[in-house]
Amino acid sequence: MPVKIAAESLSGCSGCEMSLLDIGAGLLGLLSKVEIVHMPVLVDHKYFGEDGGGDRIDIPRADIGLITGGIRNREQLRIAELMRERCRVVVAMGTCAGYGGIPALINLFENRDLFGRYYRTTEGTDAAPDPDRVVPALLDRTYALDEKIKVDAWIPGCPPHPGGIASALGLLIKGKIPALPVQSVCDSCPARREGKGAVQRVRRFLRNARYSADQPLSDMQCLLEQGFLCLGPVTLAGCSGSSGGPPRCIEARVPCRGCYGPVRRGGNQLLDMLNALASNGVEIRNLPDRFSVLRFSGAHSRLRPLARKKK
Ligand code: SF4
Ligand code: SF4
Ligand code: SF4
């Protein structure tokens, strides 16, 4: 009997689904073992029955439920709850589903500020009242899946590496739960570490790192030691898939932005990074925007509304 898969996309960008398709030819082998019973981005399955005449959202029962994106509104919350009810194993695929991801940056603002900006103070847009019909009501913030429903497995990454998705799906199809790595991005980085030097200021990404393009990566000094905000020490490894290659951004000679989320589930990338900066001799007081360290992991109340400025 084929393994039944249901998939849903909540508050995200569909990049995770692109990465799933990027598995390429290997996807054919996986598809031969599964039956996709619900996947709105791929299979035309209606929420309210095939003719749309039902009065409640319906998702078929499945062995595996893949969910991308976090939870931002009441409709997404209902769909996530229904996926939990109908699927034996629920998988948070992608960093939005696991840690809030980029959409959770909105957690720095209250909904009234968001609506005010979007509908009334955006340059070039006529002012309009807040929508109160058709659009599902927003929750107070963006939530990671496990803040609202029980999650059985995570496939992190923004987006996850196609090889990582393929190996996780291969295990899930066999009835196994894929484990997360225990290493950080630094653990798989070949950059040369020289140890703490003189205290220096954080350097902007706009400046090039010191490296020679015709020399191997192992000849490049660690980007953090060069003063860049490289989040390798506080970010989960895995972005090179199962190739065993270097982390993808480091291979391109740019710092890690933290897209695989915290090394430890429940870890706080901001606090851990402030420690890493200090221990690498980088001055943390001139960090231009410290909340950007949480740009991929702002759910779980890591990012909260900033205090309103007094007028
Ligand atoms: S994790 Fe990244 S690629 Fe996936 S939905 Fe979120 S923003 Fe898009
Ligand atoms: S801080 Fe960045 S450059 Fe340095 S070892 Fe870690 S991942 Fe590599
Ligand atoms: S190096 Fe960091 S930001 Fe780049 S893909 Fe890997 S985990 Fe993501």
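The values are calculated or read from the model by the stated rules, or taken from the named source; none is laboratory data. Worth saying up front: this structure is predicted, and the values here are computed from it rather than measured. For neighbour counting, all protein chains shown are included, and Cβ atoms are generated from backbone atoms with ideal geometry for every residue, glycine included. The area values use the complete protein model at the heavy-atom level, side chains included, leaving out ligands, DNA and RNA. Shrake-Rupley method; radii C 1.70, N 1.55, O 1.52, S 1.80 Å.
Size descriptors for the stretch 165-205 (Cα atoms only): Rg and Dmax, in that order, 18.4, 52 Å. Could you grab the relative contact order for the stretch 237-306? Cα pairs under 8 Å, six or more apart, rounded to a whole percent. It comes to 27 percent, rounded to a whole number. Within the stretch 5-92, what whole-number % of the accessible surface is contributed by carbon and sulfur, with the 1.4 Å probe and all protein chains included in the calculation? Carbon and sulfur atoms account for 52 percent of the accessible area of the stretch 5-92. Per-residue ellipticity at 222 nm computed for the chain from its helices equals -5500 deg cm²/dmol, with DSSP H segments shorter than 4 residues left out and the rest contributing -39,500 (n - 2.57). Entry note, the chain: relative contact order of 19 percent, from Cα contacts under 8 Å with a spacing of 6+ residues.
For the stretch 1-130, the square roots of the Cα gyration tensor eigenvalues, ordered a ≥ b ≥ c, give a/c of at least 1.5 with a/b greater than b/c, which places it in the prolate category. Note on the chain: antiparallel DSSP beta bridges, both residues inside, total approximately 20 percent of the bridges counted.
Kirkwood hydrodynamic radius of the chain, from the reciprocal of the average inverse Cα-Cα distance over all distinct pairs: 21.1 Å. Listed as lacking a disulfide-compatible partner in the chain: C13, C16, C87, C96, C186, C189, C222, C230, C239, C249, C256, by the criterion of no other cysteine Cβ under 4.7 Å. Note that the stretch 133-229 carries a Kirkwood radius of 18.0 Å, evaluated over its alpha carbons pair by pair. Just round it to a whole percent: the fraction of Cα-Cα distances in the stretch 181-305 exceeding 18 Å. Taking all Cα-Cα pairs of the stretch 181-305, the fraction more than 18 Å apart is 50 percent.
For the stretch 181-305, with all protein chains in place and a probe radius of 1.4 Å, 49% of the accessible heavy-atom surface sits on carbon or sulfur. For the chain, the per residue solvent-accessible surface stands at 53 Å², with DNA, RNA and ligands left out and a 1.4 Å probe. Find the centroid of the Cα atoms in the stretch 35-113 and in the stretch 163-221, then give the distance between the two in whole Å. Result: 31 Å between the Cα centres.
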